[in-house]
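Quick notes on the structure that follows.
The values are calculated or read from the model by the stated rules, or taken from the named source; none is laboratory data. Quantities reported herein were computed from a predicted structural model and do not represent experimental measurements. Virtual Cβ from ideal backbone geometry, glycine too; neighbours counted across all protein chains shown. Ligands, DNA and RNA are stripped out before the accessible areas are found, and what is left, the full protein with its side chains, is counted by its heavy atoms. Shrake-Rupley method; radii C 1.70, N 1.55, O 1.52, S 1.80 Å.
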Amino acid sequence: MENGSSNGGDVLPNGNGKAVQALQRSFGEVQGILEHNRMLIQEIGQNHESREAGGLSRNVALIRELNSNIARVVGLYSDLSTSFSGSILAKGPDDAAANKRPRPTQ
């Protein structure tokens, strides 16, 4: 992922390695949380299907954890959006406009 883009277009300013690293780190954290949420959802489903009192009680805690994780992902995406927007604005309007892809014709 060179200069913040894997598709050949420069999205982040040249030499902005810290921004790229921060984006990669945040995306990695989001991916880890989402993977953990997948496991939580599987366990919640299994507990629900078993209809055992202990499993259903445990689901309360699992659903709270899932909800908390979703809030963390929303916060991380918000931070990513702010960071990315800041990087684009720091690049300048002329540079950003030059890197826009042309829209496909219909």
Being at pLDDT below 95 and surrounded by 14 or more Cβ atoms within 10 Å (Cβ to Cβ) is the filter here, so list the residues in the stretch 61-78 that pass it.
LEU76
Return the pairs, sorted by first residue and then second, in which the second residue is among the hydroxyl-bearing types (Ser, Thr, Tyr) and assigned to a helix (DSSP H, G or I), the first residue lies in the stretch 26-52 and is under 13 Å from ILE70 (Cβ atoms), the beta carbons are less than 9 Å apart, and the residues are 6+ apart or on different chains.
VAL30/TYR77
Just give me the residues in the stretch 1-31 being open to solvent by 40 Å² or more (accessible area, probe 1.4 Å) and at pLDDT 80 or above, in sequence order.
GLN21, GLN24, ARG25, PHE27, GLY28, GLU29, GLN31
When you look at LEU76, is it closer than 30 Å to ALA19 by Cβ and out of contact with any Asp or Glu (no Cβ under 8 Å at 6 or more places or on another chain), yes or no?
no
